[in-house]
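To start, the structure itself, in structure tokens.
Every number in this text was worked out from the coordinates using simple rules, so none of it is lab data. Quantities reported herein were computed from a predicted structural model and do not represent experimental measurements. Here the Cβ is made from the backbone with ideal geometry for all residues, glycine too, and neighbour counts use every protein chain on show.
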Amino acid sequence: MPTLADLKRDPERLHQAATLLEAENKKLLDKVMTLQARIDALEGRDPGTLQMRIAELEQQLSVRNQALFGDKSETRNRQQRRAEKKKAQTGHGPREQAELLRIEQVHTLDAADEMCPKCGGELRVFDGQFEEADEVDVVERRFVVVQHKRQKYRCDCGCIETAEGPPKLQKSGRYSVGFATAVAVGKYADHLPLQRQVVQMRRQGLEIDSQTLWDQLFALCEHLVPAYEALHDHVLSHPVVGADETTWRLMGKKAVTNTKRWQVWALSAPDAVIYQLHPSRGAEAAAQLLQDFSGTVMCDGYSAYQSLKKRRHDFKLAHCWAHARRKFVEIEESFPKQSEEALELIAELYRIEREIDEEPPDERLRIRQQRAGPVVQQIHRWALQQRTLPQSPLGKAIAYLGKHFDGLRVFLTDPDVPLDNNRTERALRGVVVGRKNHYGSRSERGTKVAAMMYSLIESAKINRVDPDLYLKLAVLEAIGGRPVPLPHQLG
């Protein structure tokens, strides 16, 4: 992936990047319109209202920076130990905002002003000539009460028929599917606690409480259980998955004294991620996450995966070079020479990976074995040559390498195994931000809702599908008794 500096030096590549971005933007807009048209049909709305609906949709995930700058990585300046403060950018113009709906508004003179200020003559319209300027505006979200009137029909024989109404989230519920999905996206994609959403809604005229919002989330999940289970099966169908975990709070009625420490377990594939919440960080929770998986699990050095592997031998463990690297980053100040040597060798592995990222699997494996294999052996020899106390920071970093060296070598025998587990770590970022904002769950039922919502929403984001549109479509298909598509099938 070219950097911004590369593009600035090469106008032709910059033009190519801009062309690709324009095509990607059009593809995303077409995807939004297709999904919304499908939702409109399911809800029985007139397709002619599609353009008006587009203006009210959640904005598509911004892929411009991703395409231009690539993934965020743990880069390191080898010439300078301590990061310098970056100078603020100056002189940059306004962003293009190509993903926003554009509305044209023409401004004309009042009749009394249609007089030339110089000679007093009549001013006439200068056809096709305007002074143009763009202004970014916001259309306030509105809550409305839609009164559904189902027409009754009668026959001379005495039979009476009534037209069907829209699909209902709950049989006698008052809130629409779209309302419920907006609440879900607000909490699990935008990380807004329910009480904060209540405050926003009341400011906009809707009288509601957080329990009512929670009821809508639970009703959504009752329809989405099959989709969640199918998503889990889809992740497990991949030959290589990534696993990671982080903490989660389960709060009792007395949040200060009754809070329990649970764990969010994440299992990722290139096009999906599944989450489970468990009270344990042990091998039993890992077993529930992996079920009967028989491929390769990319993970850090956490012992639960190793314990599970000792009990069953139907899967392989691959270990993460990013974790091994961090051990040496953490000791740079104390052991500058040794950490520099280790980090430079590990950096060479990443340089090779960047060069072969687009190669087909067979070629990628060949180059890994030819070029990365000797580097891995050099790292191993370097570690054996170090003389340090086992309990020193350097000794612990080297011990981590030695303990997990077999798992760190797996990428040399399988082209589908990545160098690190960063994909799964990225998949946990939304969970971590949500945990910080709304502190966790208040019941075990809440942990199940959180796991399901994060799984479906984060998988939609991975596939650049609008989470709100996806949830609407999935729920409406489920209500109608039809198969629910998974996010990767729409991406």
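Observations, loosely collected:
- Net charge, Leu384 excluded, C-beta distance under 14 Å - Lys, Arg +1, Asp, Glu -1: +2
- One compactness figure for region 273-343 is 1.43, namely its Cα radius of gyration divided by 2.2 N^0.38 Å.
- Sites matching trypsin sites (Lys or Arg not before Pro) across region 178-278 that sit in DSSP coil, with at most 15 neighbouring C-beta atoms within 10 Å: Lys253, Lys254
- Check: region 320-415 dipole with +1 on Lys, Arg Cβ and -1 on Asp, Glu Cβ, in debye: 480 debye
- D_trans [Stokes-Einstein, Kirkwood Rh over alpha-carbon pairs] for region 298-385, 10 °C, 1.306 mPa s, µm² s⁻¹: 107 µm²/s
- A full extension of the chain between Asp156 and Gln370 corresponds to an added length of 68.5 nm, given 0.36 nm per residue minus the alpha carbon distance.
- For Leu317, the residues whose amide H sits under 5 Å from its own are Val297, ignoring neighbours fewer than 5 places away on the same chain, with H placed 1.01 Å from N.
- The modelled label-to-label distance for the pair Asp406/Thr259, using points 7 Å beyond Cα in the direction of Cβ, is 4.0 nm.
- Among the GluC sites (Glu not before Pro) in region 189-295, those located in a DSSP loop and surrounded by at most 10 other Cβ atoms within 10 Å of their own Cβ are Glu207.
- Three-way shape call for region 206-253 based on the alpha-carbon gyration tensor, with the a/c threshold at 1.5: oblate
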